[in-house]
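The values are calculated or read from the model by the stated rules, or taken from the named source; none is laboratory data. Nothing here was measured: the structure is a model prediction, and the numbers come from that model. Glycine gets a Cβ as well: all are built from the backbone with ideal geometry, and neighbour counts include every protein chain shown. Areas reflect the complete protein model, heavy atoms only, side chains present, ligands, DNA and RNA absent. Shrake-Rupley method; radii C 1.70, N 1.55, O 1.52, S 1.80 Å.
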Amino acid sequence: MQEWFGRLPGSVGIGNVRYTTSGKCDVTSLLEGTQPVTASLNGLKLAFSFNGNIVNTLQLRKETDQQFADLPYTCDSDLVCRKLLLELERRKNLAVAVSECMRNIDGAFSVTGITGDGDFFAFKDPHGMKPLCAGHSPDEGTYAFSSETVSLEMNSFVRDFELEPGELVTASRNGFKRNQVIKNPRKAFCAFEYAYFARPDSRFDSRYVYEIREEFGRNIVREYPEIVKDADIVLSVPETGDDPAMGVHEESGFRWERASRRNRYVTERAFILLNKERYSTIDRKINILGPKIDGKRLIVTEDSIVRGDTTKVTIEKLRRSGAKKVYMFVTFPRIIGPCFYGIDMATYGQLIGSNHSPEEIAKIIDADAVCYQSIEGLVRATGQTRDQLCLACITGKYPTPLAQKIADEMKEKFLKGYQEKGRIYETCETSPQSQ
Ligand code: SF4
């Protein structure tokens, strides 16, 4: 970083640690998709960094391809950047351009950007699906936006506020200027952030994420009393199962046996890896201390089950180490449909929960039972109401119209045996073009 500071002039910067939910995953494409993306048009320039995922990519490509024909398209960030630049050129006003983007882009987008004139801004889609907060340095000399509060706190910044859905915020040496560009009564903050995606030491509103995850654990104990009676200890799948394990321990009184340890030198997140890498990664990642669980009936806390294969590997290891019973306590309810908004689970076929009941899933992964937290329990623990959250992947009700249309069409096909050929929003031939 010191080297970069020396080489980069100016006092404004943006960046992004990209999690790929759009475009190809080979090394060249990943490098091309590195953010910030930049674009220029008739003397206007824009640098742009974005968290989320766009659903109407085909429509946006059609709209922007002509003006940017010489620039290759790599992923949806390019499209949002180009759309914003086009609107800026047409409207000559950032707020109006952003509001046009908000009206015409279907999907989740939390954005930071810099214009060629050096204007530093951030905005959130009208549903506010992805987190984005603002803060300042203690001397009030520096202003920052961040997806999560943890990066502000790690730099000793003070968190000022979470951006509202549909809000545009500009930052200058005088501080932040807030502008509610679009008002949407239907918020839809991603519920999966609470269970898995966000760092436990980040805060949403005034509560740390880990506190909410502990409550998830307490909830599941209350929801499955018969299972709790048949267990001896609680064990967590490290690390996202740790906080719910604390809650299970508090509510049930069981010892939280720290007999599953994470190998700190295996740093890949198994969930986001390609199929072939996932199995070996999870096997290398978790070490089970056999003598501590031999002959025991276990409650095992886990944040979610997506494909089921990583959980299956964990259970295999537990069985090999002598576990007598394995009850999975899963904090995120059964995932029945794909996500179109920035979590890479984009087909029905990859989701074990899309066509299997909890009992069937237990059989497939060799658990004695799979106990999902209820949707009501999850919502209550977050402190939000149902209509403030996106729960699409666990209810099948999508907050944006195109996503709902694609999901319904593809579900029908999937249940009739259709084999999906990639992320639905990138391969579905009919819906996006018909918009
Ligand atoms: S569909 Fe699921 S993972 Fe995707 S934004 Fe909604 S709650 Fe989050």
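Annotations for the structure displayed:
- Radius of gyration and Dmax over the Cα atoms of the stretch 25-129, both given in Å: 12.7, 37
- When the residues ILE315, ILE14 are ordered by accessible surface, computed with a 1.4 Å probe over the protein chains alone, the sequence from largest down reads ILE14, ILE315.
- Whether the stretch 102-180 is rounded, prolate or oblate, judged on the alpha carbon gyration tensor where a/c under 1.5 counts as rounded: oblate
- Value of [θ]222 nm, deg cm²/dmol, for the chain, DSSP H segments ≥ 4, -39500 (n - 2.57) each, nearest 500: -10000 deg cm²/dmol
- In this structure, ARG199 and ARG284 have a Cβ-Cβ separation that, at R0 = 30 Å, corresponds to a calculated FRET efficiency of about 0.85.
- Packing order of peptides 222-232, 336-346, 166-176, highest average first: 336-346, 166-176, 222-232 (average count of other Cβ atoms within 10 Å over each peptide's residues).
- Cα-based convex hull, the chain, per residue volume (Å³, whole number): 150
- The chain: most fluctuating residue of ASN155, ASN42, ASN355 per GNM, C-alpha cutoff 10 Å: ASN42
- Once the Cβ-Cβ distance of GLN180 and ASP232 is raised to the sixth power relative to R0 = 45 Å, the FRET efficiency obtained is 0.25.
- Candidates VAL326, VAL27, VAL37, ranked by Gaussian network fluctuation over the chain, Cα under 10 Å, top entry: VAL27
- Radius of gyration over Kirkwood radius for the stretch 123-162, both on Cα atoms: the Rg/Rh ratio is 1.01.
- Between SER29, SER147, SER202, the GNM of the chain built on Cα springs shorter than 10 angstrom shows SER29 fluctuating the most.
- Ligands, DNA and RNA left out, the accessible area of the chain computed with a 1.4 Å probe is 49% carbon and sulfur.
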